[in-house]
Structures are given as structure tokens and as C-alpha cells.
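The values are calculated or read from the model by the stated rules, or taken from the named source; none is laboratory data. If you're wondering where the values come from, they're calculated on a predicted model, not measured in any experiment. Just the protein is used for accessible areas: all its heavy atoms, side chains included, with ligands, DNA and RNA removed. Shrake-Rupley method; radii C 1.70, N 1.55, O 1.52, S 1.80 Å.
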Amino acid sequence: MTMYRIGPSAVKIHLTGAELRAYRVTFDLFGKNEPAVVRLLEDLVVAAVRRFALPFSGSRLCVEVFARRDGGCYIYLSAAEDPERTEAVQDVMLYEFERMADLVQCCRGCLACWPACGESACYRNAGCYRLVFRVPRPDENRICMHMGEFGTRAEATPQLLAQTLEHFQCIASGDAVTRLAGWCSLPVPEPPPGQDPETGRDNCP
């Protein structure tokens with residue numbers, strides 16, 4: 001298990017497939033109030049409080065889980081300050097990718113079926129890329145079908161968007177989809193495995 005503090009009351013946790021299996025948890029069990037999932041989350045909260053002294057006691061926790069291709073997952077734990085912050089922002093979509101190659105391939109395919117993709121931005125943190133963009137509602141289903149082949153959709157809540165802006169490194173903005181589609185490789189070096197890039201630094205070209 002790898003755990004990073006990403007804010008005053010939030011952590012990012014990477015669990016391997018073996019660690020999930022040790023708890024007898026599979027990704028599809030999250031959100032179903034299964035006893036095995038409850039035990040796992042309780043242990044993660046205890047570990048986060050012990051390691052970082054996070055103010056989780058008495059707080060309503062927000063739990064966000066994203067699957068990894070290796071069978072593991074990312075789990076974000078944070079103290080929910082406002083119930084309204086858990087509702088998705090209208091007309092904003094957020095997708096996560098584990099590999100730059102998948103992100104670039106996805107953007108190329110998007111341009112083929114959606115040439116006027118408009119405002120978008122891309123961010124990265126260790127082992128994760130996030131693409132944030134606005135989609136007119138009539139185009140949403142068509143874009144979702146294509147994006148789902150390469151990345152994982154996450155609810156674009158104000159909390160997750162704020163976390164992305166604060167703790168992820170911007171690598172493309174404006175019309176990021178068009179710019180990324182033309183890249184053969186990342187224009188700035190990748191951080192070492194398991195190490196987050198410097199936060200609060202905007203490298204948008």
C-alpha cells in the first residue's frame with residue numbers, strides 16, 4: 001500500500017490487486033456496503049490518521065475509488081465539508097488514464113468524431129492523467145462510448161476538480177484534446193515511479 005497526503009484533510013492511496021484480494025474485495029464491491037469493503041476502509045482511515053494525523057474523527061468521509069489495469073485501485077479519502085460538493089458539475093466531464101499512450105490515442109479518436117471539442121485541460125500526478133473538458137449534452141453519450149475504451153470516467157465534483165487543480169500538474173490547457181492528439185511523447189519528463197510532481201506548479205504549454 002502506498003499513501004500520499006494530497007491536502008489538509010485528504011489522502012490518495014494505491015492498493016495492489018494482491019492487497020485487495022487479501023481483504024477479499026473486488027472493485028465491483030465498492031459502493032455496496034459489503035462488510036469486507038467496510039473493514040478495508042476502516043483500516044485505511046486508521047492508517048491515514050496514524051500516519052498524517054488527519055482530522056477524520058467525527059467527519060463525514062468522501063470516498064472515491066478508481067480501478068487500475070493491474071487489478072489494484074486508487075482510493076481517495078477526504079473529509080466532506082459540504083454535501084453539495086459531492087454533486088457533479090453540469091456539462092463537465094473528467095476522465096482518468098494510467099498511460100500517456102491511451103490518453104493520446106483517446107484524444108485522436110475524439111477529434112475524428114467530435115472535431116469542435118472546445119475547452120479542455122490535461123493534468124498529471126504520479127501514475128495518473130486527468131482530462132477535464134466541457135461537453136454539450138447532445139454529444140455526451142457519443143463521447144462517453146469512445147472515452148470508455150481508453151480511460152475511466154470520474155464524477156466531476158467540485159471537490160475532485162479542486163483537488164486536480166491544486167495537486168496535479170497541468171500539462172496542456174485551452175484545447176488540450178487537439179494538442180494532445182498531435183503529441184508523440186510527453187513534452188516534459190515523467191516523475192520517477194511513485195513520486196508526485198511538484199504541486200502548485202503550472203507547466204501548461
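Values for this structure:
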quantity	calculated
Residue-by-residue Karplus 3J(HN,Hα) for the stretch 120-126, coefficients 6.51, -1.76, 1.60, Hz, glycine and proline x	7, 8, 10, 10, 9, 9, 3
Average Cα contact separation per residue, the stretch 1-76, under 8 Å, 6 or more apart, as relative contact order %	39
Area of GLU42 that stays accessible when all protein chains are in place (1.4 Å probe, Å², to 10)	110
